[in-house]
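> This is the structure I have questions about; it appears just below.
The values are calculated or read from the model by the stated rules, or taken from the named source; none is laboratory data. Since this is a predicted model, take the numbers as computed values, not measurements. Because the Cβ atoms are built from the backbone with ideal geometry, glycine has one as well, and the counts that use them run over all protein chains shown.
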């Protein structure tokens, strides 16, 4: 059993351990859950240490483990990660700790079931990022749904039943359509679909993602179009892209704090990860056919998401809608189809996880004290809770993309990629997206102003306590990441360089033959230098 | 036919004798000892299972031989279904025990009728001749009409039996008329000879009409739209263990003959019936799943959902391919275990009353019976086709069959409707975990626990390690599938 399996199944082992414990031993249950999450994170650091950043070709996907699973269908149990997946695995294990520790006081009943589900969810998420077999990927992808459904449905807010089932059905509807695309790919690689006059390649039946990467460009364009449609529904609902985003505000608002954190930090990344790992490299011509609608939806997501965010009265809902806007950026960068755009896009996935995760954590902390998420109930908190206010400010600034914090690096790289994109051929998209950044600053600063500044006129707020050590530690860990990525993103870009080049080579091979339009003068420069030059 | 050919019939002979013994037992050796009924029945079923294995070992060339004037075949396809039926009936016996106890209805007769139904189903699985199939079907149907009305003093039960009987006999008549037309045109009732005769024919009205009537009769038996109207009422009114029988064993038997008749006998005209069946499948999936959403009675909900499941299985028949046939076999198994598990949990709540029949009765079940609530979640996920439960493997095959055979639109309907189905399955989950209250007492008995536990283990195990089932299904379906493939190439 290799390292990836160990990382994947440590949380499951912890969940089983908790199941065996007494319902009333809440302290013990918390301890076990925390220990599991911490051990999992520490073990996952092994990946960061031993990852070969220069690995290309057969070495691109590392820590491979392959076992036979259902031989007669060609289904293998195939694990392996490239740089993109590794960062997301690390993000997941890191947020595993945050989610567990932030639940100590937030979850006050049925703790045993709660931590069991949280850890099972963790296994599902890590498995999804590690799977290199489409069948296996789909299994993990669906496994995630059930724990999340229960987490929202049992420990959520007042409209939790509605939010939970909506989350479940939306995601399920998308993923079953994706399943059909996977099946069609499988048959194309194998014997074809004679009834529709689609000749297959006659290869050995397999669900191997890497094999599909190899045969992607052989798929006829019409078929690619429909396959992409299937993937699009599966992933776009998860991202979520406009107009499939309506489950998100409900799920985010109703979920308990840890649920919102996991949802924002990791689950939404499943969609974007799906695009960059599967849809783009396997279906180059499908991607291009869908490019314009996708870009338009991304831009609508950015602007519409930001505008809707502006008018929210509920803090959690506000942050939820801001995710729609941010994820629009991620998608826009990805479809620039050049290394810069995709690199920025992947980095922004991580950044969004950190910043939005931090914001949800902070809102959760204040909600625990005041049991209100309404902005109108607050005001002048900066006087009462200075530490909280300071950390909230950093998280908000990171989310809106202030230089020297992580959000800026991601957004800047994306805009650079979008402006230079051969696929787009215009800088108009970058300009529209930039408006989204301005709006982002507007809603976050306005939120900050209303909650933290002004007179402390609500007497209920006058007795609020500032952060305790546990809460401070949680947020501060995230702040360290924000600053680190903001000042020195090179380690992340190093990890991303080869995998992103690989994706671009699959989806837009022409990029490496042609020079980009004007600026930057050399292809694929190291972004951090430009950031520093700025 | 020689005397040695009776070996083919060994299992059916054993179960017929056993069923008759069950009728005689209470007036002879087991007079007044109704507790023995369950064990005697289980022993008979065990002997039947052994005889299936023995017969399959003694018959040399399983997949080639037909006997009794080419009426009966003991091929792997038949053996697969026979063993499945025996296991199902054994579990139904365990489910029924406590439900019957305390009522004044005899257990012996009840088990005897189940055994006769089993005999009919085993004939159906082996039938390669329309008359043999029809006789098996009637034996099963007549037994189940009586069983549906077994609580003869309960108005609901009697009403269900009456509806089931009248509609059932009409559909049998339609089926028989279809058979006679096909016989008139092709001159035979053996499926292979029908296939051979058809391969020289061009489309003609009498034949098409015959195929249509035959299909309609079969669609009634599997409860596909628009021949589904009896299902909710009958499922609701029948005693719960009989609802379990109707929704599992009886359906699986109908799937078996459906597959054999359409894959082998009517193969030549597949381009004509594929589209009709595709429409029926789409309607079944849409109507079954949408109508289930509004049901507050669990029995009616499962009834509508079983209409939807009939639609899914039709995907495998429409596909006319090896993968489609494997899908039917795999799906029969996973559907059976998940459904039986659900009925086991429902029966834990029931106990002579109608509790456990409403979704509300499940409120807060996770507090009163955490393990069985969890089991229920697994069964419902399996019916919805969510991995890592066995249901996903079953649906995988059927969806794959639809995609492979070019019925992409049907596959899209199927997957979307399976997403819809999660909505009403999760109503029960929601009641169990997300709501509190509910007074229905949980009475777990040995039999119910055993069935639920077996179903839980099988559903999870086949979901994670499906290889044994998948390979066994491929082996069992081979004869039917290769026969179909040979016919395809011949056209």
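> Residues of segment B:241-274 being modelled with pLDDT under 90 and surrounded by fewer than 24 Cβ atoms within 10 Å (Cβ to Cβ), which ones?
Correct list: B:264, B:266, B:268, B:269, B:270, B:271, B:272, B:273, B:274.
> Mind checking which residues of segment A:125-151 are part of a helix (DSSP H, G or I) and more than 10 Å from every other protein chain (Cβ to nearest Cβ)?
Residues of segment A:125-151 that are part of a helix (DSSP H, G or I), as a first pass: A:125-130, A:134-143, A:145-151.
Result: A:125, A:126, A:127, A:128, A:129, A:130, A:134, A:137, A:147, A:148, A:151.
> Further question: Can you pull out every residue in segment B:462-473 that is in contact (Cβ under 8 Å) with a residue 40 or more places away in the chain and in a helix (DSSP H, G or I)?
Going residue by residue through segment B:462-473, those that are in contact (Cβ under 8 Å) with a residue 40 or more places away in the chain are B:462-464, B:466, B:469-470, B:472-473.
Passing the criteria: B:462, B:463, B:464, B:469, B:470, B:472, B:473.
> Continuing with this model, one more query. Give me the helices (runs of 4 or more DSSP H) completely within segment A:1-103, filtered to those with at least 3 residues that are within 30 Å of residue B:466 (Cα to Cα), ordered by residue number.
Fully inside segment A:1-103 and qualifying: A:3-20, A:83-102.
> While we're on this one: Quick check: anything in segment A:235-256 within 25 Å of the chain's Cα centre (by Cα), over 30 Å from residue A:310 (Cα atoms) and either touching a residue at least 12 places away in the same chain (Cβ under 8 Å) or surrounded by fewer than 24 Cβ atoms within 10 Å (Cβ to Cβ) (or both)?
From segment A:235-256, those within 25 Å of the chain's Cα centre (by Cα) are A:235-256; that's our starting set.
Subsequent filtering for residues that are over 30 Å from residue A:310 (Cα atoms) retains none.
No - not one qualifying residue is present in segment A:235-256.
> Now, a different point. Does residue B:392 satisfy being modelled with pLDDT of 90 or more, under 27 Å from residue B:329 (Cα atoms), facing chain A (nearest Cβ under 9 Å) and out of contact with any strand residue (DSSP E or B) (no Cβ under 9 Å at 6 or more places or on another chain)?
In short, yes.
> While we're here: Between A:207, A:228, which is farther than 30 Å from residue A:363 by Cα, touching a residue at least 40 places away in the same chain (Cβ under 8 Å) and within 21 Å of the chain's Cα centre (by Cα)?
Exactly one of A:207, A:228 is farther than 30 Å from residue A:363 by Cα, touching a residue at least 40 places away in the same chain (Cβ under 8 Å) and within 21 Å of the chain's Cα centre (by Cα), namely A:228.
> Among A:410, A:486, which is the only one that is within 28 Å of residue A:301 (Cβ to Cβ) and surrounded by 23 or more Cβ atoms within 10 Å (Cβ to Cβ)?
A:410
> When segment A:383-395 is examined, which residues are found to be buried (at least 19 other Cβ atoms within 10 Å of the Cβ) and farther than 11 Å from residue A:479 by Cα? Working first, answer last.
Taking segment A:383-395 as the starting set, the residues that turn out to be buried (at least 19 other Cβ atoms within 10 Å of the Cβ) are A:385, A:388-389, A:391-392, A:394-395.
Those that are buried (at least 19 other Cβ atoms within 10 Å of the Cβ) and farther than 11 Å from residue A:479 by Cα: A:385, A:388, A:389.
> Still on this structure: Out of curiosity, is residue A:216 within 11 Å of chain B (Cβ to nearest Cβ) and either under 30 Å from residue A:249 (Cβ atoms) or in contact (Cβ under 8 Å) with a residue 24 or more places away in the chain (or both)?
Spelling it out, it is not the case that residue A:216 is within 11 Å of chain B (Cβ to nearest Cβ) and either under 30 Å from residue A:249 (Cβ atoms) or in contact (Cβ under 8 Å) with a residue 24 or more places away in the chain (or both).
> What number goes with the only condition from (1) farther than 13 Å from residue A:87 by Cα; (2) surrounded by 12 or more Cβ atoms within 10 Å (Cβ to Cβ) that residue A:41 does not pass?
Result: residue A:41 passes all but (1).
> Could you check residue B:435 against (1) at the interface with chain A (Cβ under 9 Å from one of its Cβ atoms); (2) more than 28 Å from residue A:140 (Cβ to Cβ); (3) in contact with a helix residue (DSSP H, G or I) (Cβ under 8 Å, 6 or more places away or on another chain); (4) surrounded by fewer than 21 Cβ atoms within 10 Å (Cβ to Cβ) and say which number it fails?
Failing condition for residue B:435: (3).
> With respect to residue A:432, is the statement that it is surrounded by fewer than 19 Cβ atoms within 10 Å (Cβ to Cβ) and on the phi < 0 side of the Ramachandran plot true?
yes
> So which of B:110, B:105 ends up being in a loop (DSSP other than H, G, I, E, B) and under 24 Å from residue B:348 (Cβ atoms)? It would help to see each step written out before you state the result.
On the way: B:110 fails: in a loop (DSSP other than H, G, I, E, B).
Matching residue, one of B:110, B:105: B:105.
> Additional query: Within segment A:190-212, count every residue that is at pLDDT 85 or above and under 20 Å from residue B:408 (Cα atoms).
1
> Consider residue B:366 against the criteria (1) crowded, with 24+ Cβ neighbours inside 10 Å; (2) modelled with pLDDT of 90 or more; (3) within 12 Å of chain A (Cβ to nearest Cβ): it satisfies all of them except one. Which criterion is unmet?
Status for residue B:366: all satisfied but (2).
> Pull up segment B:209-261, narrow it to residues that are outside any helix (DSSP H, G or I) and in contact (Cβ under 8 Å) with a residue 60 or more places away in the chain, then point me to the one that is nearest to residue B:87 (Cα to Cα).
Filtering first and then ranking leaves B:248.
> Right, here's the next one. For segment A:192-222, enumerate the residues that are under 22 Å from residue A:271 (Cα atoms), outside any loop (DSSP other than H, G, I, E, B) and touching a helix residue (DSSP H, G or I) at 6+ places or on another chain (Cβ under 7 Å).
Answer for segment A:192-222, where residues must be under 22 Å from residue A:271 (Cα atoms), outside any loop (DSSP other than H, G, I, E, B) and touching a helix residue (DSSP H, G or I) at 6+ places or on another chain (Cβ under 7 Å): A:209, A:211, A:212, A:213, A:216.
> Against the definition (assigned to a helix (DSSP H, G or I) and crowded, with 16+ Cβ neighbours inside 10 Å), how does residue A:362 come out, yes or no?
yes
> Anything in segment B:397-406 that is at the interface with chain A (Cβ under 8 Å from one of its Cβ atoms) and either farther than 22 Å from residue B:338 by Cα or more than 22 Å from the chain's Cα centre (by Cα) (or both)? List them, or say none. So that I can check it myself, show each step before the final result.
Step one: filter segment B:397-406 for residues at the interface with chain A (Cβ under 8 Å from one of its Cβ atoms), giving B:399-400, B:403-406.
If the condition is that a residue be at the interface with chain A (Cβ under 8 Å from one of its Cβ atoms) and either farther than 22 Å from residue B:338 by Cα or more than 22 Å from the chain's Cα centre (by Cα) (or both), then B:403, B:404, B:405, B:406 are the ones that fit.
> May I ask you to verify whether residue B:384 is under 22 Å from residue B:231 (Cβ atoms) and either crowded, with 22+ Cβ neighbours inside 10 Å or within 14 Å of another protein chain (Cβ to nearest Cβ) (or both)?
It is true that residue B:384 is under 22 Å from residue B:231 (Cβ atoms) and either crowded, with 22+ Cβ neighbours inside 10 Å or within 14 Å of another protein chain (Cβ to nearest Cβ) (or both).
> If residue B:441 meets every condition in (1) more than 9 Å from every other protein chain (Cβ to nearest Cβ); (2) without any contact (Cβ under 8 Å) to a residue 40 or more places away in the chain apart from one, which number is that one?
So residue B:441 meets the others, but not (2).
> Restricting to segment B:414-432, name every residue that is under 23 Å from residue B:280 (Cα atoms) and at the interface with chain A (Cβ under 9 Å from one of its Cβ atoms).
B:414, B:415, B:416, B:418, B:419, B:420, B:422, B:423
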